[in-house]
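Note sheet for the following structure.
Please treat every number below as a calculation from the coordinates, not as lab data. Remember, predicted model here, so these are calculated numbers, not experimental data. With ideal geometry, Cβ positions are generated from the backbone for all residues, glycine too; neighbour counts draw on all protein chains shown.
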Amino acid sequence: MIRNFCIIAHIDHGKSTLADRMLQLTGVVDARQMRAQYLDRMDIERERGITIKAQNVRMPWRSRQTGVDHILHMIDTPGHVDFTYEVSRSLAACEGAVLLVDAAQGIEAQTLANLYLALENDLHIIPVLNKIDLPAAQPERYAAELAHIIGCDADEVLRVSAKTGEGVDALLDLICREIPAPVGSPEAAPRAMIFDSVYDIYRGVITYIRVVDGHFSPRERIRMMSTGATHELLEIGVISPEPKPTDGLGVGEVGYLITGVKDVRQSRVGDTVTDAAKPATESLGGYRDPKPMVYSGLYPIDGSDYPLLRDALDRLRLNDAALVYEPESSAALGFGFRCGFLGLLHLEIVRERLEREFDLDLISTAPNVVYRVYLEDASEFVVTNPSDWPVGQKIAEVYEPVVKAMIIAPSEYIGSIMELCQSRRGTLNGMDYLSESRVELRYTLPLAEIIFDFFDQLKSRTRGYGSLDYEAAGEQQADLVKVDILLQGEPVDAFSAIVHKDKAYGYGTSMTSKLRTLIPRQQFEVPIQAAIGSRVIARENIRAIRKDVLAKCYGGDITRKRKLLEKQKEGKKRMKMVGRVEVPQEAFIAALSTSEAVEASAKKS
Amino acid sequence: MPSALPTGEPAPADGRLPGAALYAAYDVPFGVYVHIPFCEARCGYCDFNTYTATELGPSVSRGSFADTALLELRLAREVLRQAQQPATTVFFGGGTPTILPAEHLGLIVREIGELFGLTPDAEITTEANPESVTPAYLDRLRAAGFTRISIGMQSAVPRVLEVLDRRHRPGRPEHVVADAHAAGFEHVNLDLIYGAPYESEADWQASLDAALDAGPDHISAYALVVEQGTALARQVAAGVVPAPDDDVLADRYVQADETLQAAGFEWYEVSNWARSTGARCRHNELYWRDASWWGIGPGAHSHVGGVRWWNVKHPARYAAALEAGRSPAAGREVLDARAKLTEKVMLGVRMRDGLALTDVPEPGRGRVGDLAGWGLVDPRALDAGRVSLTQRGRLLADAVVRELLTGT
């Protein structure tokens, strides 16, 4: 009796704690081995309270209602909008989903988006309110909200406390009773779906699969249906909660396989695995190549770290099929890489892992989206870097990516949310009241408008109650221009940006005034200009320095002054030359730092 | 609060110097600096190592300071041994040296003469507080062998003196100059400070004019520096008084340079002007020319043959070390070739005679063209093979040094 399920929850709503309780109740992990957030393996996952890689665990459970033994496969899904595709594959591996909502906070946009995704996948939904032990819990109110959203009765919403364990055994029983058993044909050609794939330095790539039809056994040859590549099955097994080899996996089972490949690209999420000797003719469908949505340049602060950065990216890539990068050089920042990411969180995570696991200090340029530019001669350019924007040629049309965004917030903030979306070139598509006091707003927004500080703005305008989710929704034509920033007439590539025509002036003035305070005075006057092509739209001026000398230098001052000088000389080495202008590295970092903060930077309590 | 000492390696208890340093100091001009760490009151901008009677308490007596200083002189004589030579200069600074009886200062001068010898043309200077120096005191200084006096005038404008916490009456320094001349001092310096909060261009001009009218043959003019830990720094941090503005300081410097030049003074170091070559302060030139000097007194710095060291700062600890037969040095550093080069460029460039192009390391020599182009070094001096600063270059001397040391 197999039951495959996942937990859909917002960050902070207690998903990992619930998983921890289940591991304990089912006896898979004993009290001695237990640690908090057992399934989150990476430090970064534990610290940020997010799941980046899907995990799964097999747990035995005897239903206390029927006395029947069940095998429960819980698949812990990534929890962020950047990883929607991975979420969708995890969902596709399940028949049911536990919709876990904080009884003190109610449902959030991202949870709602994943719920819709689960409903599209025909998953059976078990609504659960967590944290009922909190004094601030309002189970009545949020049960009614959940009932309204999924169309059930408020009484059917289970109430648990993952922290104390209250109600968790009842939830396990409910999973056995309500979630349908997997359906598949044991005799058909074997097919399994890959819902995650991770790289392990000792074992190579470990691929997580859900078997749909047939049976997979050790040592047989398997085929990846998207590429046709075949591999030998070195090991196959289940995770409970550590990997345990078995003599195979059959219909409905969830587990892992190892083939010895070294790169997750050879074992891609969403792909269908089949038996190379007896291949299925049709894949399970739903496979998609990961497509970078956001690009940014990553540069080592110390130029000599460039080879280290290259090696580090090569290593991360083994475990991250969505990460793309190619070398680029910037006059201002030296040698680095243009990297493509699924979204801002993905960017942040990659950057943080590079800095933390590989001990690198990095500068990242302002993130940008991918533009398609048509010239008047009908030729097309794909621009992933403002430096590639066609210059000196007649541009006919520019297309930018847009997203469908969903915002959930208390209804008292509707006005200020609308104002924000309006200012970000959004179009309102609809608005629904989830309950009397909470509203869901649906917008179409240019992706470029939300990758900077949109989420920060949303949070501050809604006193932290607003939540956001979005998905790619094609592209639209837009009036976009490239704004260059020039120091003494020399463009600084790292500061060029593609912005909407109406925002060019704002970007230009804010950047020039920021730089005026960040760049030290030089031996000569330095004009800072913002320009669209040859048209200057903003200008500031750094006056020439007039005094840089210590008045006194007598016996006791000499040692002190020499040490100061040596420090200044070190500082000078970290200067980058833009034309004749010396710009301290710190100025680049400060000018490029935005108050970007993604949803996931909130830490789990 | 006095400023902090540098960090260095520990100094040996007996004060011994490496043989190499003694060898290097052989034949190099030698001077003695004597630090008198006492003041009647502390000025708000001052971070020198000095103490009022209340700050010191009963443990340190001004009266016995000279005796303690003699102990250090004898230690110096012993350490220097065969490298010792007659002193070409002696300089008493502080603090307020003239807080001590002139005979005490004279005792120290005499001891220097006996231990090391003094060259026939030795320059013997003391700093003096305008309020405490009388004609009789000046006569006694002359009798003790002093040849030069440096008077802390700072400003001629009452409100500026008040901001600086200076207690002397306006006009008083000018009187002292006259008295010093009458007592037979050939060389008289006035110290000025510009850029104090609320000082106007006219105020500064009044100070310069007053100083020139008094007739000294040397004037030092220093930009006010807000030193960490001073009362002034606290006032600036609290927003009570405005911080000096670099552009204003630059204007004041230009004003001083023009005024002094018009009056027949010539700059010979960034902050020092003299009426003739003979009026230059030869003791200060020792510092800038990498010569040797022994600094006597609490917190005093010394340099002999590429070793720099500094004494403990507190007068009580200073005296205790010497009385126990130990060196009062708190720490020292032995300069390596790179540090020596840095110092040579850093100090040399501040002087009118400048630096020989051949003393500038190779990569920095390539920067000289830009420096001339920016108007920082004198192109005619370059033709003569020397790096010498223009007026604008003096204001940007530190930037010039960094360029000249490019790649080192």
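Assorted remarks:
- Placing +1 on the Cβ of every Lys and Arg and -1 on the Cβ of every Asp and Glu, with nothing else charged, gives the protein assembly as shown a dipole about its Cα centre of roughly 1880 debye.
- Euclidean distance of C-alpha centroids, the range B:102-154 and the range A:140-157, integer Å: 97
- Of the chymotrypsin sites (Phe, Trp or Tyr not before Pro) in the range A:182-228, the ones in a loop by DSSP (not H, G, I, E or B) with at most 12 other beta carbons within 10 Å are A:Y202.
- For chain A, the longest principal axis of the Cα atoms and the long axis of helix A:414-423 meet at an angle of about 50 degrees.
- A DSSP coil position with no more than 15 other Cβ atoms inside 10 Å describes the following trypsin sites (Lys or Arg not before Pro) in the range A:255-327: A:K262, A:R288.
- Charge dipole of the range B:336-408 (Cα centre as origin; +1 on each Lys and Arg Cβ, -1 on each Asp and Glu Cβ, all else neutral): 140 debye, rounded to the nearest 20.
- Relative contact order for chain A: 11 percent, from Cα pairs under 8 Å spaced at least 6 residues apart, divided by residue count.
- Whole-number D in µm² s⁻¹ for the range B:19-288, Kirkwood Cα-pair radius fed into Stokes-Einstein, 37 °C, 0.692 mPa s: 167
- Here the extension length gained between A:Q477 and A:S513 equals 9.9 nm, from 0.36 nm per residue of separation less the Cα-Cα distance.
- When Rg and Dmax are taken over the Cα atoms of the range A:307-359, they come to 10.9, 31 Å.
- Total charge dipole magnitude, the range A:407-474, about the Cα centre, Cβ charges on Lys, Arg, Asp, Glu only, Debye to nearest 20: 120
- Of all lysines in the structure, the ones whose alpha carbon falls short of 19 Å from that of A:K404, not counting any fewer than 8 places away in one chain, are A:K291, A:K459.
- At R0 = 41 Å, FRET efficiency that the Cβ-Cβ distance of B:E162 and B:S61 yields, to 0.05: 0.80
- Computed [θ] at 222 nm, deg cm²/dmol, chain A (DSSP H ≥ 4; -39,500 (n - 2.57); rounded to nearest 500): -7500 deg cm²/dmol
- Relative contact order of the range B:336-408, pairs being alpha-carbon contacts under 8 Å that are 6 or more residues apart, as %: 40
- Cα-based helix-to-principal-axis angle, A:557-573 vs chain A, degrees rounded to 10: 60
- In loop segments of the range A:439-484 as defined by DSSP, the trypsin sites (Lys or Arg not before Pro) with at most 12 further C-beta atoms inside 10 Å of their C-beta are A:R463.
- Approximating the spin labels as points 7 Å out from Cα along Cα→Cβ, the A:A378-to-B:T54 distance works out to 9.2 nm.
- Within a Gaussian network of chain B (alpha carbon springs, distance under 10 Å), most fluctuating of B:S132, B:S292, B:S59: B:S59
- Taken along the Cα-to-beta-carbon direction at a fixed 7 Å, the label points for B:R365 and B:Y23 span 2.8 nm.
- Residues B:I296, A:I175 in ascending order of nearby Cβ atoms (within 10 Å, fewest first): A:I175, B:I296.
- Rounded to the nearest 5, the antiparallel percentage of DSSP beta bridges internal to the protein assembly as shown is 70%.
- Dividing the mean sequence gap of close Cα pairs (under 8 Å, 6+ apart) by how many residues chain B holds gives a relative contact order of 18 percent.
- In terms of other Cβ atoms within 10 Å, A:M577, A:M225 run from fewest to most in the order A:M577, A:M225.
- Listed by chain and number, the lysines whose alpha-carbon sits under 28 Å from that of A:K552, ignoring those within fewer than 8 places in the same chain, are A:K561, A:K563, A:K567, A:K569, A:K572, A:K573, B:K313, B:K340, B:K344.
- The range B:243-308 shape via C-alpha gyration tensor axes, a/c threshold 1.5: oblate
- Calculated FRET value between B:D139 and B:E227, using beta carbons and R₀ = 35 Å, to 0.05: 0.50
- Cross-link partners of A:K394 among lysines (Cα-Cα below 27 Å; sequence separation of 8 or more within a chain): A:K482, A:K501, A:K503
- Mean projected area of the Cα convex hull of chain A, taken over all directions, amounts to 32.9 nm².
- Extension gain (nm, one decimal) between B:A237 and B:S276, 0.36 nm per residue minus Cα-Cα: 9.9 nm
- Intensity falloff of the protein assembly as shown expressed as log10 I(q)/I(0), Debye formula with alpha-carbon point scatterers, at q = 0.07 Å⁻¹: -0.79
- With only the Cα atoms considered, the range A:156-254 has a convex hull volume of 152 Å³ per residue.
- Along the axis of the charge dipole computed for chain A (Cβ charges of +1 for Lys and Arg, -1 for Asp and Glu, origin at the Cα centre), the listed residues A:Q24, A:V391, A:V373 are led at the positive end by A:V391.
- A Förster radius of 51 Å combined with the Cβ-Cβ distance from A:E156 to A:R356 puts the calculated FRET efficiency at roughly 0.70.
- Note on A:562-572: average number of Cβ atoms from other chains within 10 Å of each residue's Cβ is 4.
- Most positive-pole-ward Cα, A:L298, B:A233, B:G306, against dipole of the protein assembly as shown from beta carbon charges: B:G306
- Per residue of B:242-248, other chain Cβ atoms within 10 Å of the residue Cβ number 2 on average.
- Rounded to the nearest 10 degrees, the inclination of helix A:344-357 to the longest alpha-carbon principal axis of chain A is 80 degrees.
- Note on chain B: helix-only mean residue ellipticity at 222 nm, from DSSP H runs of 4+ residues weighted -39500 (n - 2.57) and normalised by residue number, equals -11000 deg cm²/dmol.
- Normalised by residue count, the range B:302-408 yields a Cα convex hull volume of 122 Å³ per residue.
- Extension reserve of the A:D200-A:K552 stretch, reckoned as 0.36 nm per residue once the Cα distance is removed: 120.6 nm
- Separation between Cα centres of the range A:516-579 and the range B:252-317, rounded to whole Å: 28
- Distant-in-sequence amide contacts of A:L99, defined by a placed amide H-H separation under 5 Å and a gap of 5 or more residues or a different chain, comprise A:I8, A:I126, A:V128.
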